[in-house]
1. Looking at region 138-247 from every direction and averaging, what is the projected area of its Cα convex hull in nm²?
2. Pull up all non-local amide H partners of Val250: gap of 5 or more, or a different chain, and H-to-H distance under 5 Å with H placed in the peptide plane.
3. Specify the residue with the greatest mean-square fluctuation among Ala161, Ala236, Ala33, computed from a Gaussian network of the chain linking alpha-carbon atoms under 10 Å apart.
4. I'd like the distance between the alpha-carbon centres of region 65-129 and region 1-63, rounded to an integer number of Å.
5. For region 20-69, I need the span (max minus min coordinate) of the C-alpha atoms along each principal axis, in Å, sorted largest to smallest.
6. Between Val40 and residues 5 or more places away or on another chain, which pairs have amide H atoms under 5 Å apart, with H built 1.01 Å from N, and which residues are they?
7. Compute a Gaussian network model of the chain, connecting alpha carbons closer than 10 Å, and tell me which residue from Ser123, Ser152, Ser240 fluctuates the most.
8. To one decimal place, what Kirkwood hydrodynamic radius in Å is obtained for region 14-250 from all pairs of distinct Cα atoms?
Amino acid sequence: MAFKKMSFDLSGKVAVVIGGTRGIGRGIALTLADHGAAVVPVSRNFHNVKKVVAEIEAIGARSMATTLDVTDEKDLERLKDDVLRDFGQVDILVNSQGVEHRGYIREYTYEDWRKVLSVNIDSVFSATKIFGNVMIDAQNGGKIINVCSMASFLGLTEAPAYTASKGAVLQFTKAAALEFAPYNIQVNGIAPGWFKTELTQPVWDNKELYDQIRKKIPLGDWGDVEELGACAVYLASQASNYVTGVTIPVDGGFLYNGA
C-alpha cells in the first residue's frame with residue numbers, strides 16, 4: 001500500500017468558528033487562518049468580532065465581521081446564508097461557544113440550568129444540523145470540531161450545568177460522527193486542559209493556585225492556545241480523514257494523571 005503525503009494546508013477551505021473571538025475559540029480561528037483557511041469568527045460582541053477579523057486579515061486570510069446569538073436558531077440560519085453569500089461554501093465548523101454559571105445543585109434555578117445548556121449543547125446541535133446540511137448538499141465532505149472540556153470526563157464541583165452540558169457535547173459528537181460519516185464529514189472533539197486565556201487570567205494571576213494546577217500537569221505547565229489550535233488544524237485537514245467520533249484531550253496529561 002502506497003502512503004500519500006498528508007497535507008495540513010487549508011487553502012481554499014472556509015471555516016466558521018462559533019465563539020471564535022476570545023480565548024480558545026480565538027486561538028483556533030487564528031491558527032486555522034494561519035494554515036490558509038478563510039475564517040469567519042462569530043460571537044455576540046461586535047467589537048470582539050472586528051478585532052479578530054482584523055487579526056485574521058493581517059495574516060492574509062479572508063474573513064467577515066458579523067455577530068451571532070447562538071441560542072437563536074433563526075440567527076444561525078442567517079449566519080449560514082451570509083457565509084454562503086460571501087464565500088460560497090462552508091468546509092469546517094468549529095463549535096467553541098460556552099458559558100458557565102457556578103453554584104451548587106441545591107441552589108441552582110431552572111433558569112440558571114437552561115441558560116448554560118442553551119449555549120453549551122443546544123446551540124451545538126443547531127449549528128451542527130444547519131452547517132452539516134450545507135456540507136451534505138455540497139457533496140464535498142467536511143469537518144466539524146466540537147470544543148469539549150475536562151468536564152466532559154470529570155465531575156466539577158459547583159458546575160452542574162457546565163459539567164452536564166460538556167458531557168453531552170462529547171456524546172453528541174459520537175452520534176453526529178455516525179450520522180455524517182456516509183457523507184464524508186468527520187465530526188470530532190477537542191477537550192482543552194488548562195490554557196492561558198482571558199477567562200483563566202484570574203487563576204493564572206494567583207501564583208499559589210497556578211502552581212498547584214501546574215504540578216498536576218505531567219508535561220509541566222499550562223498550555224498556549226496555539227498548541228490547541230494545532231490540534232484543530234489536524235482535525236480540520238485531510239490528515240484526519242480516517243478519524244471521526246473521537247474527543248482528543250489537549251491537556252499535557254492532566255486528565256489521566258492519577259496523582
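1. Averaged projected area of region 138-247's Cα convex hull equals 8.1 nm².
2. HN-HN under 5 Å from Val250: Ala191, Gly193.
3. Result: Ala161 has the largest fluctuation of those listed.
4. 18 Å
5. 27, 19, 14
6. Ala15, Val16, Val17
7. Checking each option, the largest mean-square fluctuation is seen for Ser240.
8. Working: mean 1/r = 0.0557 Å⁻¹.
About 18.0 Å for region 14-250.
None of the figures in this text is laboratory data; all of them are computed from the coordinates on show. Just so we're clear, the structure is a prediction, and the values are computed from it rather than from any experiment. All Cβ positions, glycine included, derive from the backbone under ideal geometry; neighbour counts span all protein chains shown.
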